[in-house]
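Following: one structure in structure tokens, then a few remarks.
Each value in this text was obtained by applying a stated rule to the coordinates, not by laboratory testing. In this text, all values refer to a predicted model and were calculated from it rather than measured experimentally. For neighbour counting, all protein chains shown are included, and Cβ atoms are generated from backbone atoms with ideal geometry for every residue, glycine included.
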Amino acid sequence: MEILTATIFFSLTVTATIIIFMARYLWSQNSKLPPSPSWCLPIIGHLHLRKKHHLPQALQHLSSIHGPVLFLKFGCRPVLVLSSPESIEECFTNHDQTLANRPRTITSDHFGYGYKNFGLAPYGDIWRTLRRISTLEVFSSTALQKSSFIRNEEVLNLCSRLFRSSMDSAQKVDLNYHFILLTAQAMLRLVSGTRGGVEESDEKNFLDDFKLRFFASIAMNVCDFLPVLRWIGYKGIEKRVMEIQRMRDEYLQRIIDDVRVRMMENNSTDCVLEKFLRLQETEPEFYSDDVIKGLVVLLFNGGTDTSPAVMEWAMSVLLNHPDKLEKLREEIRCNVKHEGRIIQDSDLSSLPYLRCVIYETLRLYPLAPLLLPHCSSKKFKLGNYEIPENTMLFVNVWAVHRDGELWEDADVFKPERFEGFVGERDGFRFLPFGLGRRACPGTALGMRTVALAVGALVQCFEWKKVDEGDIDMTPVFGVSMTKAEPLLALPKPWPHMVPILSQL
């Protein structure tokens, strides 16, 4: 009887889904939607495109055929793809508030602490309050200046680890591992006032534990596009998300409790959690533990997943272009005036070519090649097109950054193209940090961390490739874009840096 009931329920669900899709399909034939590929399959629509390992490139190809404004159907979700500065500018100039939401997904339902995380919270008063307090306490110029000692010290720890590894001239180092460890420890210190893996023997266990909880993908999965699959528990996807959230919540609660005890004992470190807990004392109804956890999750996810990827791309592309690497090293040598020390956060403003290297890396290898998706809160007009409510928006930054009509030698690494560049984006053709109300609030923190790490490695070590030939630059596309093969390289300390490194 139970099997029969389940079969009937499933059949009715599938039938209802087909009817809905057919109704939407017939409606779309008479609406003013943007161009769309004709091969929209029943039920799944264009969802098969997501099976491609190079979705941004596939969308770039479709846009070259159908135009820079593209309309797709991913299961039951309408999707808008923008691939030109003009369409992006019109969309975010005229409809930024309409597009200020994120789509709801399985991961956001469970990881967002009731959508009290401003990265996921709907646009409104709660979102504004959470973003404001995070900006004030973490991302403002004053906050960045106060936390600069953490970045300086953790980069010194990175250089110390690499120096010890370089004692064996044949030992290659996994820079992916070292960059993730750097950012995880720096972010944990910023948030809680303590660092994980204090002893070298503990570092790997700390990082494995941290990655298990906070490196879980927030990418949308097939259940987000075909809700019937979520209802039937397809492949246990939601159960896995719930288990990760359980482990994550226990970890975060333990950190909060430790900081709370430390505050009661008047053993303050002025970390971010202490500031949030003081706000909790004045406004306990709003700043609950769950709200604080949501803010911390955003810092952990955003800070430890993105910056290491940029560092790895930057060092990879520099190894493939030794002339640019030498030019950067010479800039650091000439501008870090105080002999006998490693580059610090305060030196970054006098290193414009280092900034150019990071920007050019982000142009060729954007962190989020489609940005994080936006979602329209109501229908709106884009040019002559009518975009439905609840449409998911992808901005194909990959396509814009490699458009030969916008960039000379678009596929060539030329940091010099950013000389004299001011700001964090160039009109609507350079968008590594997003735009509009949902632009990345941690841009300045991320840029400082990346520039400091890359600058220190170039200053302290001579780098050689493990094998002859170029470093493999094959990307893996996801919410963020990472290297398919982790960067392995051979560091050799410059002779004049050995006395400094040996004292770390």
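Net charge in the neighbourhood of Glu386 (other residues with Cβ under 12 Å of its Cβ; Lys, Arg +1, Asp, Glu -1) is +3. Legend: calculated FRET efficiency, Met242 to Ser165, from the Cβ-Cβ distance at R0 = 45 Å, rounded to 0.05, equals 0.70.
When the helices of the chain are scored as -39500 (n - 2.57) per DSSP H run of n ≥ 4 and the total is divided over every residue, the value at 222 nm lands at -16000 deg cm²/dmol. Peptides 487-498, 103-114, 297-308 ranked from most to least packed, by the mean per-residue count of other Cβ atoms within 10 Å: 297-308, 103-114, 487-498. Full extension of the chain segment joining Lys381 with Asp323 gains 16.1 nm, where the gain is 0.36 nm per residue of separation less the Cα-Cα distance.
Note on the range 31-501: Cα Rg divided by 2.2 N^0.38 Å, N the number of residues, gives 0.99.
Counting charges near Glu416 (Lys, Arg +1; Asp, Glu -1) among other residues having Cβ under 15 Å from its Cβ returns a value of -3. One decimal place: the segment Thr135-Leu41 gains 29.4 nm when fully extended, by the rule 0.36 nm per residue minus the C-alpha distance.
A Förster radius of 22 Å, combined with the Cβ-Cβ distance separating Glu265 from Phe149, puts the computed FRET efficiency at roughly 0.45.
Grab the Cα-Cα distance for Phe421 and Ala58, subtract it from 0.36 nm times how many residues apart they are, and report the gain in nm with one decimal.
Extending this stretch completely gives an extra 127.6 nm.
Helix 272-282 versus the longest principal axis of the chain: what angle, 0 to 90°, nearest 10, using Cα atoms? Between the helix axis and the principal axis of the chain, the angle is about 60 degrees.
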